[in-house]
Amino acid sequence: MLNRKKKIVIIGGGLAGLALAMKFCERNGEVTIVSYQALKRSHSVCAQGGINAAIDAKNEGDTPEKHFYDTIKGGDFLAHQPLVRDMCFQAPAIIHLMDRMGVAFNRTGEGHLDFRRFGGTLYNRTAFAGATTGQQLVYALDEQVRRNIHDGNATALEWHEYLGAVLDSEGICRGAVIHDLKTDEIYTLAADAVVLATGGPCQVYGRSTSSVVNTGAAATTAYLQGAKYANGEFIQIHPTAIPGQDKLRLMSESARGEGGRVWVPKKTNDSRDPKKIPESDRYYFLEEKYPLFKNLVPRDVASREIYDIVYNQNMGVSGEPMVYLDLTHKSREFLDNRLGGIMDIYTKFTGVDPREQPMKIFPAVHYSMGGLWTDYGPDQQGLIEHGSPKNQMTSIKGLFAAGEADYQYHGANRLGANSLLSCIYTGLMMARGIMNYTDSLEKSVDDIPSTIFDDARNHWKTRFNEIRKMDGNENPYQLHQQLGETMLANVLIVRDNKSLEKATHAIDDIEARFKNVKCTDSSDWANPSPSFINQLFCMIHLSKIITKGALMRDEFRGSHYKPDFDLNQPKDFDPHEYIDYLEQKQYGEITDNKFPPGHLDYMKRFEENNKKWLKTTVAQFKDNKPDITYEEVNTSLITPRPRKYD
Amino acid sequence: MTDKKIPFKIKRQDKPGSPSYWQTFQVPYKPFANIISCLMEIQRNPTTQGGKTVAPVTWDSNCLEEVCGSCTMLINGKVRQACTALVDNLEKPITLEPMSKFPVVRDLQVNRNRMFENLKKVKAWIDIDGSHDIGEGALMADSDRAKRYVMSECMTCGCCLEACPQFTLNNSFMGAATFNQVRLFNLHPTGSMNKEERLDAVMGEGGITDCGNAQVCVEVCPKNIPLTESIADIGRQTSWQMIKNILIK
Ligand code: SF4
Ligand code: SF4
Ligand code: FES
């Protein structure tokens, strides 16, 4: 037992990092929270539409069990089920906690929390604060962490960057190497555990809905140090964003949750003002193809349909890759109250008022379901043992991951409004496990020789000195742009092995050119260039993980769509048939004539495919590239079955 | 592709305390470009108009959609967020300068720690008992919620402070954003339990009485926070508090 407070270093000041910081302080631990910039400015503020919890405020019969089912089905059965179930069961308490902390959630007439609909569910399950829910949640947690800083329980290191883990002779993480982004100093922080709550990697694609800091560099560094990276190929493409030069700005799914309709003119190149196009000349393709979920099909489905309309049917608005997202049938007051934040963003960036004119939108890279491989400790009830030291631990002992940086909660496709939940859930849930982990160690960090820390620091000092000396003729920012374009062109919504091979070669080429980068800034004060070059190096490796995972996975699952391996679900197929089929199989009495024509064949294909591919992709760094293996998924609670939303 | 260029005049400074200097850049025009996308263009090709290769200009930004508050700077002399400043709507050449009321870190980056320290001074948080599950929060009318919501969108960008004649680099004036936070938390059913502490914090030096009511703050706030209302309200609240303090003593 330690006779001092347990101390952890948390990297990242988004929802996951802040939630853990708060909880760990509350459990009498000592926290250092490291953030690339000022706390309060993390990417979590960009989340708009809301956070899910099956509180059943509208008496629709919603339950956490249904939330669990929707999430698992939305993720095409690739998520470990006990974790997701535990998250869904914790969700109501999380919403109430955030409410108690002062989040300005919209409310009902009686003053209770209000809920709206989101994609992939038929229930009003999403609590929201206008259309800036992420911002409001970050602020509430940030305030609690500031309170702890004020009270002396936590320290914030803002304008600091995580470079890598300090590993002892047994490979146990004993601290973090930190880079002061102003003074350029590189030093180590000793800790009982280090937590990467560093967010997603979508800057690998250059332009996405991500913030500037979302390079995935911290998670990739962990991978380069030996940690497993899981399900990298599962990148969510959000159906509705505003195309842009520097960023593709998200138009929240809540726009559709509040009644927004997606359509294109029936006539290609119809040049009429959209308001002048009569109903009869509009094609509401999501509503027609998915009469049950309509505009609220899950994101992977909606993105594929929009892509199909634009590129295969050539029906994009004015011949361009865009479709209408229409809210003009709603009153101004309603829109300002419930969607004000995104109404403003659209107006500011396009000069067009979406209350008056339908928005023009297109899918954009948005979220990574994949991330650092992490472990969990299930209990006997199909939930999680919250005290288990395994929870959220990466394959490097003592190094944990949480939030978008881990891979466990969203399977092959994330449902809208589940990301804020998974971030806060992991942050809160893991605190006890980390405490217990610290107790379980035979040797505490205090007994680790200082040479271990010196070596780690010197390694990174040398690395940064080398970077500073890079004097080739490649501009790192241009190279990043090219990496992004390669990924956008070849590893996006519709994937095929030829393009993926092409991307592999293009990435190799970019990696070769990386050696020839020039460090464009030689200042020793607040110089972002060496850090960026290191991040670019990481992004190159991450793009290899994504691309190789995609190339090897010869199937269609969730966001990973390879038409060549589509199992072609019969149009009239009902997922319950599959459950019948499995039962009949168990009793050895399957006959083709029990199912509509073609269905049995389809179900056999589905079963075969799952045997091969219902697996977690695990990438490990070997010989300068990802070595890929597959692991079983925990599907102990809900039998995997074909997805269907119409 | 047109070869139209946008001229930029950028005020630079290498370190805190070192002299500032100006450089000009010509950035290729792209439709819907904003200031940040142009600065990124300069990173990719850090060459001045005179053809000199220089260190890329540094700035702060993150969200690129006016919700994180980080990219505040002076654009053509006016304080605002760079990410929503579309070049089509700006007079050319476009001048960029760091904010003047905060210490410069480098180029367009400034240190806004003072704003965050003020949040601590006024205890801009709710004193919850703990994060364990103790049930629902307090009931609240949606109209009250809506009032708080507009205030809670403050992203600590500092525009209001840069524009305020009372707020200077070296004084201790807290500024409109801080007063707004006091109102935000005093309006919450649980937050109001600590409202006196917050009011005491804005009654001393640098507090609400130093506000000259010039009301420029509200004009520049990118989030349309009702700062004048917040200032007036906190003025009223502190007056009551003052009377109470006297009576109780
Ligand atoms: S009213 Fe005037 S003096 Fe008061 S905070 Fe606003 S700008 Fe500053
Ligand atoms: S009140 Fe407005 S201008 Fe002032 S810091 Fe907040 S958002 Fe920025
Ligand atoms: S980059 Fe976030 S406000 Fe401009």
Original post:
Looking only at other chains, what is the average number of their beta-carbon atoms within 10 angstrom of each beta-carbon in B:143-155?
Top reply: 5
Subject >> Gaussian network model of chain B, Cα within-10 Å springs - most flexible of B:175, B:191, B:135 >> reply: B:135
Original post:
Most fluctuating residue of B:86, B:119, B:108 in a GNM of chain B with Cα springs under 10 Å: which is it?
Top reply: B:86
Subject >> the stretch B:87-155: proportion of alpha-carbon pairs further apart than 17 angstrom, % >> reply: 71
Original post:
If you count, for every residue in A:472-482, the Cβ atoms of partner chains within 10 Å of its Cβ, what is the mean?
Top reply: 2
**OP:** Calculate how steeply helix A:497-514 sits against the longest principal axis of the alpha-carbon atoms of chain A, using the helix alpha-carbon long axis, and give the answer as 0 to 90 degrees to the nearest 10.
**Re:** 30
Subject >> Nonlocal amide H pairs with residue A:470, under 5 Å, H built at 1.01 Å >> reply: A:519
**OP:** Determine the order of A:273, A:151 by accessible area, beginning with the largest, at a probe radius of 1.4 Å.
**Re:** A:151, A:273
**OP:** Using DSSP, restrict attention to beta bridges with both residues in chain A and report what percent are antiparallel, rounded to the nearest 5.
**Re:** 70
Subject >> Cut-off 19 Å, label 7 Å out along Cα→Cβ of residue A:466, residues of the stretch A:179-217 by amide N >> reply: A:179, A:186-187, A:217
**OP:** Give me the distance between the Cα centres of the stretch A:393-462 and the stretch A:1-55, rounded to whole Å.
**Re:** 12
Original post:
Taking a quarter of the surface of the convex hull around the Cα atoms of the stretch B:5-110, what do you get in nm²?
Top reply: 6.2
**OP:** Spit out the partnerless Cys residues in chain B, using Cβ distances under 4.7 Å as the pairing rule.
**Re:** B:38, B:71, B:83, B:154, B:157, B:159, B:164, B:211, B:221
Subject >> Volume of the Cα convex hull of the stretch A:289-342, divided per residue and given in Å³ >> reply: 119
Original post:
How long is the stretch B:113-248 along each principal axis, judged by its Cα atoms, biggest number first, in Å?
Top reply: 45, 39, 27
Original post:
In Å², what does the accessible area per residue of the protein assembly as shown work out to with a 1.4 Å probe?
Top reply: 36
**OP:** Please turn the phi angles of the stretch A:143-157 into ³J(HN,Hα) values with the Karplus equation 6.51 cos²θ - 1.76 cosθ + 1.60 (θ = phi - 60°), one per residue in order, whole Hz, x for glycine and proline.
**Re:** 5, 5, 5, 4, 4, 5, 5, 4, 7, x, 8, 9, 10, 10, 10
**OP:** Provide the packing ranking of B:13-21, B:93-101, i.e. peptides ordered by the mean count of other C-beta atoms within 10 Å per residue, highest first.
**Re:** B:93-101, B:13-21
Subject >> Ellipsoid equivalent to the stretch A:324-393 - semi-axes via the Cα gyration tensor, in Å >> reply: 43, 16, 10
Original post:
Amide H to amide H under 5 Å from residue A:236: which residues, 5+ apart in sequence or cross-chain, H placed 1.01 Å off N in plane?
Top reply: A:366, A:367, A:368, A:369
Original post:
Along the stretch B:156-162, what does the Karplus equation 6.51 cos²θ - 1.76 cosθ + 1.60 (θ = phi - 60°) give for ³J(HN,Hα), rounded to whole Hz, x for Gly and Pro?
Top reply: 6, 7, x, 4, 4, 7, 4
**OP:** Considering the convex hull of the alpha carbon atoms of the stretch A:408-464, report its projected area averaged over all viewing directions, in nm², one decimal.
**Re:** 7.1
Subject >> Estimated translational D of chain B in µm²/s (Stokes, Kirkwood radius over Cα pairs; 20 °C; 1.002 mPa s) >> reply: 107
**OP:** Taking the Cα centre of the stretch A:204-299 as origin, work out the dipole magnitude from +1 charges on Lys and Arg Cβ and -1 charges on Asp and Glu Cβ, in debye rounded to 20.
**Re:** 120
**OP:** Would you give the gap between the C-alpha center of the stretch A:185-209 and the C-alpha center of the stretch B:157-196, rounded to a whole Å?
**Re:** 32
Original post:
Label points 7 Å out from Cα along the Cβ direction at residue B:21 and residue A:524: separation in nm?
Top reply: 1.9
Original post:
Given the options B:90, B:74, B:199, which has the most mean-square fluctuation in a GNM of chain B, springs set between C-alpha atoms less than 10 angstrom apart?
Top reply: B:90
**OP:** Could you go through the stretch A:255-263 in sequence order and give the Karplus-derived ³J(HN,Hα) for each residue, using 6.51 cos²θ - 1.76 cosθ + 1.60 with θ = phi - 60°, rounded to whole Hz, and x for Gly and Pro?
**Re:** 4, 7, x, 8, x, x, 10, 9, 8
**OP:** Can you check what the net charge comes to around residue A:622, using other residues whose Cβ is under 14 Å from the Cβ of residue A:622 (Lys, Arg +1; Asp, Glu -1)?
**Re:** +2
**OP:** Average the reciprocal distances over every distinct pair of alpha-carbons in the stretch A:520-642, invert the result, and give the Kirkwood radius in Å.
**Re:** 18.1
Original post:
What total accessible area, in Å², is buried where chains A and B meet, using a 1.4 Å probe and rounding to the nearest 100?
Top reply: 6000
Original post:
Which shape class applies to the stretch A:404-544: rounded if a/c is under 1.5, otherwise prolate when a/b exceeds b/c and oblate if not, where a ≥ b ≥ c are the square roots of the Cα gyration tensor eigenvalues?
Top reply: oblate
**OP:** Please express the Cα-Cα pair-distance distribution P(r) of the protein assembly as shown as a list of whole percents, one per 10 Å bin, running from 0 to the bin with the greatest distance.
**Re:** 2, 12, 22, 27, 21, 11, 3, 1, 0, 0
Subject >> Equivalent ellipsoid, the stretch A:470-552 (semi-axes from 5 times Cα gyration tensor eigenvalues, Å) >> reply: 27, 11, 9
Original post:
For peptide A:343-353, how many partner chain Cβ atoms fall within 10 Å of a residue's Cβ, on average?
Top reply: 3
Original post:
Taking Cα atoms, how many degrees apart are the long axis of helix A:575-586 and the longest axis of chain A, rounded to 10 and kept between 0 and 90?
Top reply: 80
Original post:
How about the stretch A:550-645: which chymotrypsin sites (Phe, Trp or Tyr not before Pro) there lie in a loop by DSSP and see at most 13 other Cβ atoms within 10 Å?
Top reply: A:587
Original post:
Shape call for the stretch A:1-69 from the C-alpha gyration tensor, a ≥ b ≥ c root eigenvalues: rounded (a/c under 1.5), prolate (a/b greater than b/c) or oblate?
Top reply: oblate
**OP:** May I ask you to give the average projected area over all directions of the convex hull of the Cα atoms of the stretch A:225-360, in nm² rounded to one decimal?
**Re:** 10.6
Subject >> Shape call, the stretch A:572-612: gyration tensor on alpha carbons, a/c limit 1.5 >> reply: oblate
Original post:
Between residue A:155 and residues 5 or more places away or on another chain, which pairs have amide H atoms under 5 Å apart, with H built 1.01 Å from N, and which residues are they?
Top reply: A:31, A:32, A:33
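The values are calculated or read from the model by the stated rules, or taken from the named source; none is laboratory data. Predicted model only: the values in this text are computed from it and were never measured. Glycine also receives a Cβ, built like all others from the backbone with ideal geometry; neighbour counts cover every protein chain displayed. In case anyone asks, the SASA skips ligands and DNA or RNA and just uses the protein heavy atoms, side chains included. Shrake-Rupley method; radii C 1.70, N 1.55, O 1.52, S 1.80 Å.
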